[in-house]
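Read the structure below first, then the notes.
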Amino acid sequence: MSQDFRLDSVGLINRDIKLSFKFNGKKYFGYEGDTLASALLANGVHLVGRSFKYHRPRGFFGAGVDEPYAIVQLYRNNETEPNIKATEQELFEGLEARSVNCWPSVNFDIGAINNFLKIFLPAGFYYKTFMWPKSFWYRIYEPFIRKAAGLGVASIKHDKERYEHKYEYCDLLIAGSGPSGLSSAYAAAKNGAKVILAEDKPRFGGSLLTDDVNIGNQSGKDWAEGIIAELKTMPNVVVKNRSQIFGYYDHNMLVMSEKVSDHLPKTKKYHPNKRLWYIRAKEVLISSGSIERPIVFGNNDTPGVMLSSAAKEYLKVYGVLVGKNPLIFTNNDSGYETAIEFQKHGVKPVILDSRKNPESEIIDEAKSLGINIKNSYVVVAAQGYKKVKSADIASISDDKKQLGKIESITCDCICVSGFWTPSIHLASQSGNKTKFKEEIDAFVPGTSKQQETTLGAANGVFSLEETLKTSFQKGRELSKKITDNDKEVSIPNVVEKKSSKHDKFWCVPLPAGKNYKRFLDFQNDVAVSDIEIALREGYRSIEHVKRYTTLGMATDQGKTSNLNGLQLVSEIENKVVPAVGHTTFRPPYTPISIGAIVGREVGKHSKPTRKSPMHDWHEKNNAVFVDAGVWLRPRYYKRGNENLFEGSKREAKNVRTNVGVCDVTTLGKIDIKGPDAAEFLNRVYTNAWLKLPVGKARYGVMLREDGIVMDDGTTTRISENHYHMTTTTAQAANVLSHLEYYLQIVWPELNVNVVSTTEQWAGAAIAGPKSRDVLQKLFPNLDVSNEGLPFMGYMEGDLFGVKARIFRISFSGELAYEVNVQSDNGDFMWQKIMEVGEEFKIQPYGTEALSTLRIEMGHVAGSELDGRTIPYDNALEGLVSKKKDFIGKRSLQRVAFTADNRQRVVGVVPLDKKTSIPEGSHLVKDANAPLPNPKLGHISASCWSVEYDNPFSLAILKDGKNMIGEKLFVMSPLKNKVIPVEIVSSHYVDPKGERVRS
Amino acid sequence: MLYIKCPHCGMRPQIEFSYGGDASVKRPELNKEISDQEWDDFVYNRKSLRGKHLELWQHISGCRQWIKVERDTATHEIFKTFKADEEVA
Ligand SMILES: [Zn+2]
């Protein structure tokens, strides 16, 4: 295998393990330890994509998280993921990747026509062009933009990978394992602090991996390795590579995404793909380093133009030459460091330095190596379409306004250094008001907002010696505050070459007669001319300029473009940069997989599943389940080929004629105890509760303070100071909080305690004319006659050795009982009921039959108590006490609530007695009235009445009281139905309620 | 995500709590004649302050106690937390 651009024996890759991979269908080789970017560059591949707007050819610009161009679609283990930075993706055997943003191929891209139409695509182009005619947007513009633009395709398959969330607490969280991260972590760890050190790259060490420095008589890289090795042995330290801290939230909580498996061909068994860490830290040390800034010049987006630090990293970490004829364009000493590395490895670079006559140790070294240096020289434009072939260069005047004669120089890459931008994102997210530091032309963190300290290059400190000194000190000082230990650590001596001042120069002027595109934002194709247009059109705020031009809005979040954009705005506006200010840094710092954010909460795990103790029995007996909040409830018990309609009708009919049993375990249950319990209930419910005797149940309605019905249910007085309250399944948690609120905050003087007992009791409702026979068989020793256990009566009994509570209450409108036993005995109870009920033709019934039974009885439930109705609307005004006060009573005097034509629950029957009425349909007077047709009410619940064998619905209807007998229309545009109906009483069956008392 | 000191349980993450609104609102006494305006102020009208605000939270996934939290609505800084019956100093 020949890799034309790979050096022998240089770098940190493992040459013993060769990996094969495919890019755009073509097969290549790389080594273990490569990124996709370094492996492609080793093979001489520079063209990796097309730009967003003009579809210009794009190569590699950086070597890490700052990369704006090299975004690929990744294929791994039969899955695909978009928006992957080739510079971050580690190589594995069998990796496949494709360019995005080009169609049909990266080499021949139709969208590149945009490049030649670029005068038509200036700033705000999308806003201006695609706004009219409005009707074109969905049909023509949007599909076109989607096809042409896009940064990859999301998989529509179910993601088989697993993602985890983890909560962690620590004393010091350290973001970045460069010199400042390592030394502060080391000092803090020695003081016994609980430390988490996070590094986004696979290798620890940050700039120490590439900088030619010496710490404690070792190379920077060796020193870093030693520190990491020692930290890993300490029990109070967690070191994590491939882990990006991407968000700094309130109260010192940070979120980190750990790539557990992305570097492997396949996720290991039991391993997650990614792990999201929620870390609450006492102190946060931000040692996230800095990112090199580009200098703006003509065609500066041509493949082969890249950051000089990236070129150095490709060489020193991966043994890869980004070119064999490099041109270095710099305004500071960093470019020289890259040039020296090239020179040392047999490649002869040329340096263009915008400075006139800089002097420093680094420059002296470059000179002594015989490197060709041109001072006061700049790159005017890169030449070459899919790859740099040459550069137009010129001398530049001292005021940086005049260019000399343009010369052409042959080169195959242009390595640019426009000095360094501290990575202040995390500090800014924490709320830190950043400040502009003149000496480095960049923003640095100001006063700490939360418990955060920024160190080293992220704080604008570029001297290694100073960085180590302050970082050791900070680590020691902050950990001492927490652990009280104060262990001295000696600060190693540092040998680094002194550098000279950078040149405040960031943009090469256009030569007369040329209109080269000079890009600021490489991913979003924002050029100098776009910003000029935006300002000319009156945009002033940097936030508006950003949105109008999309500067810094791409997936790289302007890591390389922000400052140059600010420089340009401040220059045109004649303001200083700090007066322009920067746009807000928002999390995430870098794109995070949606899967990692969602974690394990997918599919069945998106919420807990609650099952009643009788669940297994239901399952064995062909129950078809339905989600009721977090509960699984039988909807009906399928017999043979029955469908839902047939099955539920059979079950409901059997309740009306024989007896049925329904699992009502899911009902909310609250135990209420204390000497003031009766008084409390009297305030909570709308009806009177002070005189309820022991051993009796009562139906109650509770309101919110705004007069709207909150919930209903029965409450039973078990003993003098002990009540058992039931709530609807859906409102159980809210009602408990509601009661606790009044007891703890509003009326703390009441001596009452409440506790949820929903999980403690299993419940079975036995309903139907033969329910008393079943009950008598269950409790042969009890008097369950109409006199012994009257309607709304309560007694305790012994169910074949199991303690049981028996309530004579009814939801179905039939003679009915509810039996509760401790949850553990629920299954036993159920089986006994089925056993003794057999001779009475007992059948279990599900929620569908339950609904049918309550609807045709006109019993209101959740669909009527929908958070918009008052007692009157539900025909419950008889339960509203006129004598006493209760929660929400005062609101019932509101004008709208007392109006004569107030809405009210009614029954609805189709005139043809055949057509089922869809729930949610509207009631109107005239089906042919012009739209919007005035709505009189809505259908809240529908069923097929088993009593009358025709459809029946409940509705909340305006002036419902006076509408009985009226003929209206039900309209459901969703189901395309218009049904003539008659309004009837909501109490369709047994209006006098004789059955429940029989 | 906020980090709230429950006076009964200690420092706990926000996900254990539910928000209960302005703690300075006092429910009118039962059986007392009050004007529509007073009642509206109690049920609906809230100041929506920017800055220091006393609010109710319930430690719903913990001790289930309602507590008072003095919090800055703009910066999210929490100054102090109180038990339901504790006087706010
Ligand atoms: Zn608590």
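Residues in segment A:727-750: is at least one out of contact with any Phe, Trp or Tyr (no Cβ under 8 Å at 6 or more places or on another chain), in a strand (DSSP E or B), closer than 29 Å to A:Gly878 by Cα and more than 14 Å from chain B (Cβ to nearest Cβ)? Yes. Restricting segment A:470-504 to residues that are of a type in the set (A, V, I, L, M) and part of a loop (DSSP other than H, G, I, E, B), the residue that is nearest to A:Trp420 (Cα to Cα) is A:Ile491. Taking (1) open to solvent by 30 Å² or more (accessible area, probe 1.4 Å); (2) facing chain A (nearest Cβ under 10 Å) in turn, B:Phe42 satisfies each apart from (1).
Filtering A:Val784, A:Val802 for residues that are farther than 21 Å from A:Val946 by Cβ, open to solvent by 10 Å² or more (accessible area, probe 1.4 Å) and among the aliphatic types (A, V, I, L, M) leaves a single hit, A:Val802. Of all residues in segment A:964-983, those satisfying the criterion of being buried (at least 18 other Cβ atoms within 10 Å of the Cβ) and either under 17 Å from A:Phe811 (Cβ atoms) or among the β-branched types (Val, Ile, Thr) (or both) are A:Val970, A:Ile979, A:Val981, A:Ile983. Of the residues making up segment A:151-196, those that are within 20 Å of A:Val461 (Cα to Cα) and not in a strand (DSSP E or B) are A:Gly176, A:Ser177, A:Gly178, A:Pro179, A:Ser180, A:Gly181, A:Leu182, A:Ser183, A:Ser184, A:Ala185, A:Tyr186, A:Ala187.
List the strands (runs of 3 or more DSSP E) that sit entirely inside segment A:370-436 and contain at least 2 residues that are open to solvent by 30 Å² or more (accessible area, probe 1.4 Å).
Working: elements: A:372-375, A:377-383, A:390-395, A:407-410, A:413-417, A:420-422.
So the answer is A:372-375, A:377-383, A:407-410.
Condition test on A:Glu651, is it farther than 20 Å from A:Ile766 by Cα and either at pLDDT 95 or above or not in a loop (DSSP other than H, G, I, E, B) (or both)? In short, no. Look through A:Thr729, A:Thr714 and report the one residue that is under 24 Å from A:Val626 (Cβ atoms), modelled with pLDDT under 95, touching a Gly at 6+ places or on another chain (Cβ under 9 Å) and buried (at least 19 other Cβ atoms within 10 Å of the Cβ). Only one candidate passes the filter, namely A:Thr729. Selection within segment A:578-589: residues that are hydrophobic (A, V, I, L, M, F, W, C) and at pLDDT below 85. The member of this set that is farthest from A:Ser541 (Cα to Cα) is A:Ala579.
Of all the criteria given as (1) more than 30 Å from A:Ser881 (Cβ to Cβ); (2) within 11 Å of another protein chain (Cβ to nearest Cβ); (3) out of contact with any helix residue (DSSP H, G or I) (no Cβ under 7 Å at 6 or more places or on another chain); (4) in contact (Cβ under 8 Å) with a residue 12 or more places away in the chain, the one not satisfied by B:Lys26 is (1).
One line per residue, one yes/no per condition, for (1) in contact (Cβ under 8 Å) with a residue 40 or more places away in the chain; (2) assigned by TED's automatic domain parsing to the domain that holds A:Leu954; (3) open to solvent by 20 Å² or more (accessible area, probe 1.4 Å):
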residue	(1), (2), (3)
A:Tyr872	no, no, yes
A:Glu877	no, no, yes
A:Lys882	no, no, yes
A:Val905	yes, yes, no
A:Val908	yes, yes, no
A:Pro918	yes, yes, no
A:Ala929	no, yes, yes
A:Pro932	no, yes, yes
A:Ser940	yes, yes, no
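Report yes if A:Ala767 is open to solvent by 20 Å² or more (accessible area, probe 1.4 Å) and among the hydrophobic types (A, V, I, L, M, F, W, C), otherwise no. Criteria not met by A:Ala767.
Looking only at segment B:76-83, decide whether some residue is away from the ligand (no atom under 16 Å from the Cβ), in contact with an Asp or Glu (Cβ under 6 Å, 6 or more places away or on another chain) and either of a type in the set (Gly, Ala, Ser) or part of a strand (DSSP E or B) (or both). Walk me through how you get there before you give the answer.
Start the filter on segment B:76-83 by keeping residues that are away from the ligand (no atom under 16 Å from the Cβ), which leaves B:76-77, B:79.
Now drop any that are not in contact with an Asp or Glu (Cβ under 6 Å, 6 or more places away or on another chain), which leaves B:76, B:79.
Filter once more, keeping what is either of a type in the set (Gly, Ala, Ser) or part of a strand (DSSP E or B) (or both): B:79.
Scanning segment B:76-83 turns up at least one residue that is away from the ligand (no atom under 16 Å from the Cβ), in contact with an Asp or Glu (Cβ under 6 Å, 6 or more places away or on another chain) and either of a type in the set (Gly, Ala, Ser) or part of a strand (DSSP E or B) (or both).
When A:Lys160, A:Lys166 are checked against the criterion of being within 24 Å of the chain's Cα centre (by Cα) and modelled with pLDDT under 95, A:Lys160 stands alone in meeting it.
The set of residues from segment A:278-293 being in a strand (DSSP E or B) and of a type outside the set (Phe, Trp, Tyr) comprises A:Ile279, A:Arg280, A:Ala281, A:Lys282, A:Glu283, A:Val284, A:Leu285, A:Ile286, A:Ser290, A:Ile291, A:Glu292. Of all residues in segment A:456-482, those that are more than 16 Å from A:Gly206 (Cβ to Cβ) have Cβ atoms under 6 Å from Cβ atoms of residues that are surrounded by 22 or more Cβ atoms within 10 Å (Cβ to Cβ) and among the charged types (D, E, K, R), 6 or more apart or on another chain, in A:Leu478/A:Glu283. Set side by side, the residues A:Phe505, A:Phe443, A:Phe462 differ, and just one is in the same structural domain as A:Val237 (by TED's automatic domain parsing), open to solvent by less than 50 Å² (accessible area, probe 1.4 Å) and aromatic (Phe, Trp, Tyr), which is A:Phe443.
Only one residue in A:Pro68, A:Pro82 is surrounded by fewer than 22 Cβ atoms within 10 Å (Cβ to Cβ), under 23 Å from A:Asp525 (Cβ atoms) and not assigned by TED's automatic domain parsing to the domain that holds A:Asp200, so which one is that? Spell out how you get there, then give the answer.
Details: A:Pro68 fails: surrounded by fewer than 22 Cβ atoms within 10 Å (Cβ to Cβ).
From the options A:Pro68, A:Pro82, the qualifying one is A:Pro82.
Residue by residue through segment B:54-78, note down the ones that are open to solvent by less than 80 Å² (accessible area, probe 1.4 Å), more than 8 Å from chain A (Cβ to nearest Cβ) and over 21 Å from A:Ser737 (Cβ atoms). Of everything in segment B:54-78, those that are open to solvent by less than 80 Å² (accessible area, probe 1.4 Å), more than 8 Å from chain A (Cβ to nearest Cβ) and over 21 Å from A:Ser737 (Cβ atoms) turn out to be B:Glu70, B:Asp72, B:Thr73, B:Ala74. The set of residues from segment A:653-670 being open to solvent by less than 10 Å² (accessible area, probe 1.4 Å) and more than 24 Å from A:Gln776 (Cα to Cα) comprises A:Thr666, A:Gly668, A:Lys669, A:Ile670. With respect to (1) facing chain A (nearest Cβ under 10 Å); (2) over 30 Å from A:Thr686 (Cβ atoms); (3) among the acidic types (Asp, Glu), the lone exception for B:Glu16 is condition (1).
On the basis of being touching a residue at least 12 places away in the same chain (Cβ under 8 Å), open to solvent by 20 Å² or more (accessible area, probe 1.4 Å), among the polar types (S, T, N, Q) and at negative phi, does A:Ser541 make the cut? No.
The values are calculated or read from the model by the stated rules, or taken from the named source; none is laboratory data. Bear in mind that the values here come from a model prediction, so they are computed numbers and not experimental data. Cβ atoms come from the backbone with ideal geometry, glycine included; neighbour counts cover every protein chain shown. Heads up: the accessible areas ignore ligands, DNA and RNA and are worked out on the full protein's heavy atoms, side chains in. Shrake-Rupley method; radii C 1.70, N 1.55, O 1.52, S 1.80 Å.
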